[in-house]
Amino acid sequence: MKQGDLVTRKSYGGDVVFKIHEFRQQQAILRGVELRLLADAPIRDLVMAPQIDPLETVGAMRPKWLEAMRRSGGAGAAPQAQSDGWQNTEQPAESSKPRPAYFELPGKVLHLDGDPNYLRKCMVLYNELRVPADGYYVGEANMADALYRLLPQLQPDIVVITGHDGLLKQRERTYGDITQLTSYKNSHNFVNAVRVARQFEKNRDALTIVAGACQSHFEALMQAGANYASSPARVLIHALDPLCVAAKVAFTPIKDTVNIVDVIGLTHSGLEGLGGIESRGSYRRGVPRIEYVSRK
């Protein structure tokens, strides 16, 4: 076995496919391939898995919620116009003069990810969903410092703080006190990053924070200032779950609050994996829409 190989763990019945991140003596440090889980295991416990990385497969990890969000106007499509006179057309409404066409300003995302492969896939999907996003691969321990530098520079509406996490084992398959941050691999790093972001912008409607990974300390992340966090039931979450929430916030109008149950219901892990508080969307419309014509 070598670094980068895909493996499963015999002691867990091969339930999760991991990529070997590095070796430390007789232990291997593992990162989930589709789940945001960080784990370690004795080398003797590992079994080689088919060496087909889902992240490298055409159409792989395509979220099931993608089309659902488009149909609902949640991302990649403008929200349904209400009875406020806005119309995305230049045709006259019946018995009234023509309305101007509007332009769209979805919320801007700053996405910090502790996994470069997940980050790459997320950036492809942000682009597909037409969500403006800046993405940075940052180790979980360095996320607080990165946000201290990036937030004033980029001025995002939404911050995603994610990577890999997991409960630490004290004995074989026995975990410590889940109320303590010391029982988690990276929750303390995510909490520090959330605190920096919330110090930068205290208003939870001006800066929406989505934080956490597999089995993260949900209560600590919410207390630190997150709008949405994982994982209420300490379950594993899918690699794209944080993006799903961020995209929905980006295309929810600022006058509306995001329907928490609906958006989390779209994620792979559901309410066991993600929770949050009532928060306003970040989508704005403006007029007039200008068609730029290149001049020769």
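See the values below:
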{"item": "Given (1) at pLDDT 95 or above; (2) open to solvent by 50 Å² or more (accessible area, probe 1.4 Å); (3) β-branched (Val, Ile, Thr), number of the condition Thr174 does not satisfy", "result": "(1)"}
{"item": "Condition met for Lys202 (part of a helix (DSSP H, G or I) and closer than 22 Å to Gly107 by Cβ)", "result": "no"}
{"item": "Residue match in region 198-206 (condition: open to solvent by less than 10 Å² (accessible area, probe 1.4 Å) and modelled with pLDDT of 95 or more)", "result": "no"}
{"item": "In region 270-283, residue surrounded by the fewest Cβ atoms within 10 Å (Cβ to Cβ) [restricted to those that are of a type in the set (Gly, Ala, Ser) and closer than 12 Å to Asp205 by Cβ]", "result": "Ser279"}
{"item": "Within region 121-170, tally of residues that are among the β-branched types (Val, Ile, Thr), touching a residue at least 40 places away in the same chain (Cβ under 8 Å) and part of a loop (DSSP other than H, G, I, E, B)", "result": "1"}
{"item": "Qualifying residues in region 247-291 (those that are modelled with pLDDT under 90 and in contact with a Pro (Cβ under 6 Å, 6 or more places away or on another chain)) - the one nearest to Ala220 (Cα to Cα)", "result": "Val287"}
{"item": "In region 135-171, the residues that are buried (at least 22 other Cβ atoms within 10 Å of the Cβ) and of a type in the set (Gly, Ala, Ser)", "result": "Gly163, Gly166"}
{"item": "Residues within region 260-269 that are farther than 21 Å from Gly225 by Cα, open to solvent by less than 50 Å² (accessible area, probe 1.4 Å) and without any contact (Cβ under 8 Å) to a residue 40 or more places away in the chain, tallied", "result": "1"}
{"item": "Extreme residue, nearest to Ala133 (Cα to Cα), among residues of region 233-259 that are surrounded by fewer than 21 Cβ atoms within 10 Å (Cβ to Cβ) and in contact with a helix residue (DSSP H, G or I) (Cβ under 7 Å, 6 or more places away or on another chain)", "result": "Val235"}
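Results for (1) modelled with pLDDT of 85 or more; (2) under 22 Å from Gly114 (Cβ atoms); (3) open to solvent by 20 Å² or more (accessible area, probe 1.4 Å), shown as yes or no for each residue.
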{"site": "Ile20", "(1), (2), (3)": "yes, yes, no"}
{"site": "Val33", "(1), (2), (3)": "no, yes, no"}
{"site": "Leu37", "(1), (2), (3)": "no, yes, no"}
{"site": "Pro54", "(1), (2), (3)": "no, yes, yes"}
{"site": "Ala68", "(1), (2), (3)": "no, no, yes"}
{"site": "Gly76", "(1), (2), (3)": "no, no, yes"}
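The values are calculated or read from the model by the stated rules, or taken from the named source; none is laboratory data. Predicted, not measured: the structure shown is a model, and the values here were computed from it. Positions of Cβ are backbone-derived with ideal geometry, glycine not excepted, and every protein chain shown enters the neighbour counts. When the accessible area is computed, the model is the full protein with side chains, heavy atoms only, and any ligands, DNA or RNA have been set aside. Shrake-Rupley method; radii C 1.70, N 1.55, O 1.52, S 1.80 Å.
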